Amino acid sequence: MKQSWPRLSADEAAEIIQHDDMVAFSGFTAAGSPKALPAAIARRARELHQMQQPFQIRLLTGASISTAADDALSEADAVSWRAPYQSAAGMRQKINQGQIKFVDLHLSEVAQMVNYGFFGDIDIAVIEASALTSDGKIWLSSGIGNAPTWLRKAKKIIIELNHYHSPRVAELADIATPGAPPYRHSVAIFSALDRIGLHYVQVEPQKIVAVVDTELPDAGNVLDGAKPVCQQIADNVVTFLLQEMAQGRIPREFLPLQSGVGNINNAVMARLGESPDIPAFMMYSEVLQESVAHLLETGKILGVSASSLTVSDKTLRNIYDNMDFFAERIVLRPQEISNNPEIIRRLGVIALNVGLEFDIYGHANSTHVAGANLMNGIGGSGDFERNAYLSIFMAPSIAKEGKISTIVPMCSHVDHSEHSVKVIITEQGIADLRGLSPIERARTIIDNCVHPLYRDYLHRYLETAPGGHLHHDLSRVFELHTNLLNTGSMLG
Ligand code: 0RQ
């Protein structure tokens, strides 16, 4: 059956969305997420609120979306519930003020949770596409995220047809979805670039209720990996990986890497690229970030599996202009596959993620400042850390000019337990925790990773705290945090 869909403006399409609808956006980071509908939904919310009418959506995404989109929606009080990840200052503030309910989820689990019906129905999927056909084939763009699941499960679909993207971006996509238990099969990926699916998603054409034409870039964040502390952490990571190779614990052909996003990760990738002793390697990661695109061109990175091209506009154009080269080296997957525990463990991925806070025994906090205020969310860090061959956490040893030690007696919130965190690296050095008892772990972390400003305090804590298998003094375990809250500095 041939379909011809209404070509609507973003404001007209936003009128299809009703108060309290569960709305699901495509993409992963700003890449592949809708560009016109978020602002139109925010405008609709303002107009209805002015007329004293309720209008708030419940919003599901792949990971973060653009800061501008999340902030437009939160400023307009257009969101009542949000999952699974965000990284925008305005959205963060409303969440921490209790005005928006936020559910912080492992990114690999979101699609299956929707499939299992854990969050109820999806009313509307808003999906950025690079092309579509009248029989309901949809080609996605620079980020896949959960879009295939949203397309299948949503009652109605609004397509943002973004003419900015090269139609060839679809060549990177490999769309496959694991079935639901008890009929779930193994995901047959045995090497980072293995392809198991299709370039497009097939939907029931009658579910598409509007097509909105756009021509807008992804507008990702600009990174600053040149900070000296990032460079020092990157040097320590390279040193550690070279030692592991020398010990024969990383094979000569190396293992696939996962790298989180942000300045430290970007600096680490650049340093790995410069090191002549690190062999060319694969990535099995969730985002393909700026420095990785360059390393594909130099040949240092052989291929990348990810869920999005989280790169600058210039780099995205370069990928589009040289698609013959990049299409052989990049696979973009739904996030339940890019972050799939089964594959991460099978491939032996080395996971490199940044945390906010660690404790002397090796627990890690990625999400909540002083145990209370959300930063971004756990994102994919837990998917990778728990299942990696080697899970490495990185952070500067201090934050806010030394007023905060990122290593404390007990984490004020735990995202990753001591059982998953294998190595901690700061600009001070490397703590290899494998095979160490808790007290050995604590001494190693304090000696190798803690900033000199806090080393004596933490040694004193460890030696004076009453102990069994671990040493803890519950009356002062959060003394550093209490000092911070009372005086603005952990040292008081
Ligand atoms: O604040 O910019 O105001 O100075 O936290 O810290 O060091 O710039 O590091 O940007 O990489 O973010 C964990 C949040 C780190 C991120 C986190 C302050 C510090 C600064 C940011 P300022 P940095 P980054 C794949 C993997 C979870 C998701 C994840 C993250 C700001 O990496 O969200 O891993 N991770 N995803 O000053 C108070 C502390 C602090 C602190 C740092 N202990 N207390 N403030 N800061 N430590 C990606 C996806 O899943 C999509």
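Specify the angular offset, from 0 to 90 degrees and rounded to the nearest 10, of the alpha carbon long axis of helix 438-449 from the longest principal axis of the alpha carbons in the chain.
The answer is roughly 80 degrees.
Work out the charge dipole of region 38-192 with +1 on the Cβ of Lys and Arg and -1 on the Cβ of Asp and Glu about the Cα centre, then indicate which of 91, 136, 154 is farthest towards its positive end.
154
In vacuo Debye scattering of region 202-267, one point per C-alpha: log10 I(q)/I(0) at q = 0.16, 0.26 Å⁻¹?
-0.73, -1.12
Of all DSSP beta bridges in region 42-197, what percent run antiparallel (nearest 5)? If you can, show how the numbers build up before the last one.
Values: 2 of 14 bridges.
Around 15 percent antiparallel, to the nearest 5.
Among 478-488, 103-113, 267-277, 22-32, how do they line up from the highest to the lowest mean number of other beta-carbon atoms within 10 Å?
Values: 478-488: 15.6, 103-113: 21.1, 267-277: 18.7, 22-32: 29.0.
Descending mean neighbour count gives 22-32, 103-113, 267-277, 478-488.
Do you know the relative contact order of the chain, to the nearest whole percent, from alpha carbon pairs under 8 angstrom that are 6+ apart?
Values: 1158 pairs, mean separation 66.8, N = 492.
Computed over the chain, the figure is 14 percent.
Taking every eigenvalue of the Cα gyration tensor of region 67-225, multiplying by 5 and rooting it, what semi-axes result, largest first, whole Å?
Each semi-axis is √(5λ); the values are 26, 21, 18 Å.
Can you work out the FRET efficiency for the pair residue 243 and residue 417, with r the C-beta to C-beta distance and R0 = 25 Å, to the nearest 0.05?
The pair residue 243/residue 417 has a calculated efficiency of 0.50.
Pairs to check: 35/227; 94/207; 101/227; 35/156; 94/403; 227/403. Give those whose C-alpha atoms are more than 23 Å from each other in this structure.
Values: 35/227 31 Å; 94/207 33 Å; 101/227 35 Å; 35/156 18 Å; 94/403 26 Å; 227/403 19 Å.
Beyond 23 Å: 35/227; 94/207; 101/227; 94/403.
Size of region 9-157 along its principal axes in angstrom, Cα-based, largest extent first?
Principal axes ranked by extent give 41, 34, 26 Å for the Cα atoms.
So how strong a dipole does region 48-125 carry about its Cα centre when Lys and Arg Cβ are +1 and Asp and Glu Cβ are -1, to the nearest 20 debye? Kindly include the intermediate steps, with their values, before the conclusion.
Working: 5 positive and 8 negative charges, 28 e Å.
Once rounded to the nearest 20, the dipole reads 140 debye.
Go through 492, 301, 117 and say which Cα lies farthest out towards the positive end of the charge dipole of the chain; charges sit on Cβ, +1 for Lys and Arg, -1 for Asp and Glu.
After comparing all options, I get 117.
Using only the alpha carbons of region 100-163, what is the convex hull's orientation-averaged projected area in square nanometres?
On the way: hull surface 21.1 nm².
So the Cα hull casts an average projection of 5.3 nm².
What is the packing order of peptides 283-296, 6-19, taking the mean over residues of other C-beta atoms within 10 Å and listing the highest first? List each step's numbers first, then the result.
Numbers: 283-296: 25.6, 6-19: 16.8.
Output ranking for 283-296, 6-19: 283-296, 6-19.
According to the Cα gyration tensor, what semi-axes, each the square root of 5 times an eigenvalue, does the equivalent ellipsoid of region 389-492 have, listed from largest to smallest in whole Å? Intermediate results must be reported in sequence, preceding the final value.
Working: eigenvalues 88, 58, 31 Å².
The equivalent ellipsoid of region 389-492 has semi-axes of 21, 17, 12 Å.
Report the Cα centroid-to-centroid distance between region 435-492 and region 278-338 in angstrom, as an integer.
40
State to the nearest 20 debye the size of the charge dipole of region 440-492 about its Cα centre, where the only charges are +1 on K and R beta carbons and -1 on D and E beta carbons. Mind showing how you got there, number by number?
On the way: 5 positive and 6 negative charges, 11 e Å.
Computed charge dipole of region 440-492: roughly 60 debye.
With both partners inside region 119-169, how many of the DSSP beta bridges are antiparallel, as a percent to the nearest 5? Intermediate values should be presented prior to the final figure.
Working: 2 of 8 bridges.
If I count the DSSP bridges inside region 119-169, around 25 percent turn out antiparallel.
Please give the Cα centre distance for region 38-74 versus region 143-172, rounded to the nearest Å.
Taking the Cα centre of region 143-172 as reference, the centre of region 38-74 is 20 Å away.
Report, ordered by chain and residue number, the aspartates and glutamates lying within cross-link reach of residue 422, taken as a straight Cα distance under 12 Å and ignoring same-chain residues fewer than 8 apart.
Straight-distance partners of residue 422: 385, 432.
Per the Debye formula with a single identical scatterer at each Cα and no solvent contribution, what log10 I(q)/I(0) holds for region 291-418 at q = 0.10, 0.20 Å⁻¹?
Relative scattering, expressed as log10 I(q)/I(0), comes to -0.42, -1.12.
Using +1 on the beta carbon of Lys and Arg, -1 on that of Asp and Glu, and nothing else charged, what's the dipole of the chain about the Cα centre, debye to 20? The partial results should precede the final answer.
Working: 41 positive and 54 negative charges, 105 e Å.
The calculation lands at about 500 debye.
Can you give me the relative contact order of region 323-397 as a percent, contacts being Cα pairs under 8 Å and 6 or more apart? Display every interim value, and only then the final one.
Details: 81 pairs, mean separation 28.1, N = 75.
That works out to 37 percent.
Could you point to the residue in 326, 287, 256 farthest towards the positive end of region 240-358's charge dipole, with +1 and -1 charges on the Cβ of Lys/Arg and Asp/Glu respectively?
Towards the positive end, the residue furthest out is 256.
Would you please put 434-445, 131-142, 459-470 in order of how densely packed they are, using the mean number of other Cβ atoms within 10 angstrom per residue and starting with the highest? Kindly include the intermediate steps, with their values, before the conclusion.
On the way: 434-445: 16.7, 131-142: 20.9, 459-470: 13.7.
For the peptides 434-445, 131-142, 459-470, the packing ranking is 131-142, 434-445, 459-470.
Pull out the extension gain between residue 194 and residue 7, defined as 0.36 nm times the separation in residues minus the alpha carbon to alpha carbon distance; nm, one decimal.
Values: separation 187, 0.36 × 187 = 67.32 nm, distance 3.70 nm.
Length gained, residue 194 through residue 7: 63.6 nm.
Using only alpha carbon positions, build the gyration tensor of the chain, then give the equivalent ellipsoid semi-axes as the square roots of 5 times its eigenvalues, largest first, whole angstrom. Don't skip to the answer; put the middle values down first.
Values: eigenvalues 304, 150, 72 Å².
Equivalent ellipsoid semi-axes, largest first: 39, 27, 19 Å.
Values in this text are rule-based calculations from the coordinates and carry no lab data. From a predicted model like this one, the values you see are computed outputs, not experimental measurements. Here the Cβ is made from the backbone with ideal geometry for all residues, glycine too, and neighbour counts use every protein chain on show.
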